[in-house]
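Asker: For reference, the structure I am asking about is given below.
Any read-out appearing in this document is the output of simple, stated calculations on the displayed coordinates, not a laboratory observation. From a predicted model like this one, the values you see are computed outputs, not experimental measurements. Cβ placement follows ideal geometry from the backbone for every residue including glycine, while neighbour counts extend to all protein chains displayed.
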Amino acid sequence: MSQSISVTAPHNHSDNPFPQATTLQTDALLLDAYSRTVVGVSQAVSPSVVQIKVSKKPNPQARQQQPFGTGSGFIISSDGFIVTNSHVVNSALKIEVVLQDGREFSGKLVGEDPATDLAVLQINGDGLRSVRFGNSKTLQVGQVAVAIGNPYGFQYSVTAGVVSALGRTLRSESGRLIDDVIQTDAALNPGNSGGPLVDSSGLVIGVNTAVILPAQGLCFAVSSSLAEYVVGKLIIEGKVRRGVIGIAGQTAPINPRSVSYHQLQNKTGVLVQGVEPTGPASGVLLVGDIVIAMDGQPVHSIDDLHKHLNESAINRMVELTLLRNGQKENVGVRPKEMR
């Protein structure tokens, strides 16, 4: 006589006696998906990333200037336009561009904009692989970001991370603030400056420009929205036009009584410390004036004033609101183009 034996499995809501193993498998799959994304983006974009080698003019004021320099860049068109950092090619006597396939070209400087640390080069070559700018305005904090450079030629360098913050500002070597800067934890390797920061689709979302070592290796990139505008201006006009009014100034606090009396939006403004005798502001602004607005837009700092003095302000009468001896006044100034 046969006897049947039934075995009851231990009760488990997931019907899986080893839930930890499943979790590990899921994590492995997710990690592998992330790896595939980074590898795929790197392979797709890297042929467009170049090494830039420059021989520089000697600078008597620089104590430890190297007669050569290196950086990265990326090709944005089949006719050889390349985006890089201004500080990479500034004062260059000779520019050489090395592609990943080993080809070397002489690079021509089309234009540079130290205020945003961007520059455009051009090479004459066939079969060039290019990348496209993405829309950095749609970025979100936490999004995957991949920094690619070509510091040594032939072999590219890749670091990956996430977008850590958006809308940062960064002071360029020219002294002006670069607006709309992307902060990322994707490490910026030596020689990767000027290379692209790309998203998971391989679109350029920024141009890698700086690393702040004391701040745990924070890395920054000029957003693609700003970079695309500046690059377009450099290709068409060779420069980005900006206005000046011919004053020396600094950010200074406004007397709290004046803030209250005039019901001002800002607590700081630009204190005029000097006026160029032949500048646009000569005879209009006086030493001691505090500029608090331009065309109705608040001016909290010297950087705000720089921001307002863009191409649209050149040779146009603008209205400056200022405090003079405690009184609020409006004056007209016609900015000229910065040379």
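Asker: Restricting to DSSP loop positions (anything but H, G, I, E, B) with no more than 16 other Cβ atoms inside 10 Å of their own Cβ, which trypsin sites (Lys or Arg not before Pro) remain in the stretch 226-288? Don't skip to the answer; put the middle values down first.
Answerer: On the way: sites: LYS233, LYS239, ARG241, ARG242, ARG257, LYS267; in loops: LYS239, ARG241, ARG242, LYS267.
Here the sparse-neighbourhood loop sites are LYS239, ARG241, LYS267.
Asker: Right, something else. Could you work out [θ]222 nm for the chain from helices alone, using -39500 (n - 2.57) per DSSP H run of at least four and dividing by all its residues? Round to the nearest 500 deg cm²/dmol. Working shown, then result.
Answerer: Working: 5 runs with 58 residues, N = 339.
Value at 222 nm, helices only, nearest 500: -5500 deg cm²/dmol.
Asker: I'd like the distance between the alpha-carbon centres of the stretch 305-326 and the stretch 156-182, rounded to an integer number of Å.
Answerer: Rounded to whole Å, the Cα centres lie 27 Å apart.
Asker: Select from VAL38, SER77, LEU305 the residue farthest towards the positive end of the dipole of the chain; place +1 on Cβ of Lys and Arg, -1 on Cβ of Asp and Glu, and compute about the Cα centre.
Answerer: Positive-end residue among those listed: LEU305.
Asker: Could you tell me how many degrees, from 0 to 90 and to the nearest 10, lie between the Cα long axis of helix 224-237 and the main elongation axis, the longest principal axis, of the Cα atoms of the chain?
Answerer: It is inclined by approximately 50 degrees.
Asker: If you don't mind, there's one more thing I want to ask. What length, rounded to one decimal in nm, is gained on full extension from GLN273 through to LEU93, with 0.36 nm per residue of separation minus their alpha-carbon distance?
Answerer: On the way: separation 180, 0.36 × 180 = 64.80 nm, distance 3.75 nm.
Extending this stretch completely gives an extra 61.1 nm.
Asker: Evaluate the Kirkwood expression for the hydrodynamic radius of the stretch 234-332, namely the inverse of the mean inverse distance over all pairs of different C-alpha atoms, and round to one decimal in Å.
Answerer: Numbers: mean 1/r = 0.0719 Å⁻¹.
Taking every pair of different Cα atoms in the stretch 234-332, averaging 1/r and inverting gives 13.9 Å.
Asker: Another question, if that's okay. Taking chymotrypsin sites (Phe, Trp or Tyr not before Pro) that fall in a DSSP loop and have at most 14 other Cβ atoms within 10 Å as cut points, what is the longest piece of the chain between them? Working shown, then result.
Answerer: Numbers: sites that count: TYR152, PHE154.
With chymotrypsin sites (Phe, Trp or Tyr not before Pro) excluded where exposed in loops, the chain gives 155-339 as its longest stretch.
Asker: Nearest 20 debye, what's the magnitude of the dipole of the stretch 21-240 about its Cα centre given +1 on Lys and Arg Cβ and -1 on Asp and Glu Cβ?
Answerer: On the way: 16 positive and 17 negative charges, 107 e Å.
Using only the charged Cβ atoms, the result is roughly 520 debye.
Asker: Plugging the Kirkwood radius over Cα pairs into Stokes-Einstein for the stretch 69-178, at a temperature of 25 °C and a viscosity of 0.890 mPa s, what D comes out in µm²/s?
Answerer: Numbers: Rh = 15.4 Å.
Estimated via Stokes-Einstein, D reaches 159 µm²/s.
Asker: Rounded to two decimals, what is Rg over Rh for the stretch 133-219 when you use alpha-carbon atoms and the Kirkwood radius?
Answerer: Working: Rg = 12.4 Å, Rh = 13.1 Å.
On the Cα set of the stretch 133-219, Rg over Rh gives 0.95.
Asker: Any idea which of THR159, ALA145, SER86 is furthest toward the positive side of the dipole for the chain, if Lys and Arg beta-carbons carry +1 and Asp and Glu beta-carbons -1?
Answerer: SER86
Asker: For the stretch 157-258, which GluC sites (Glu not before Pro) are in a loop by DSSP, counting at most 15 other Cβ atoms within 10 Å?
Answerer: Numbers: sites: GLU173, GLU228, GLU237; in loops: GLU173.
In loop regions of the stretch 157-258 (DSSP not H, G, I, E or B), the sparsely surrounded GluC sites (Glu not before Pro) are GLU173.
Asker: Continuing with the same structure: In the structure shown, do any of LYS53/LYS239; LYS94/LYS239; LYS239/LYS328; LYS53/LYS307; LYS239/LYS267; LYS56/LYS137 have a Cα-Cα gap over 31 Å, and if so which? Each step should come with its number before you reach the end.
Answerer: Details: LYS53/LYS239 22 Å; LYS94/LYS239 20 Å; LYS239/LYS328 37 Å; LYS53/LYS307 33 Å; LYS239/LYS267 35 Å; LYS56/LYS137 36 Å.
Over 31 Å apart, Cα to Cα: LYS239/LYS328; LYS53/LYS307; LYS239/LYS267; LYS56/LYS137.
Asker: Could I ask something else about it? Using 0.36 nm per residue of separation minus the Cα-Cα distance, give me the extension gain between LYS108 and ARG171 in nm, one decimal. Provide the component values of the computation, followed by the final result.
Answerer: Working: separation 63, 0.36 × 63 = 22.68 nm, distance 2.66 nm.
Difference between extended and current length: 20.0 nm.
Asker: At 37 °C and a viscosity of 0.692 mPa s, what translational diffusion coefficient does Stokes-Einstein give for the chain, taking Rh as the Kirkwood radius over Cα pairs? Give it in µm²/s as a whole number.
Answerer: Values: Rh = 23.0 Å.
So the translational diffusion coefficient is about 142 µm²/s.
Asker: Quick one: which residues, 5+ away or cross-chain, put their amide H under 5 Å from the amide H of MET338? H built at 1.01 Å from N.
Answerer: ARG242, GLY243, VAL244
Asker: Test of understanding: what is the full-extension gain from MET317 to ARG334, defined as 0.36 nm times their sequence separation minus their Cα-Cα distance?
Answerer: Once the chain is fully extended between MET317 and ARG334, it gains 5.7 nm.
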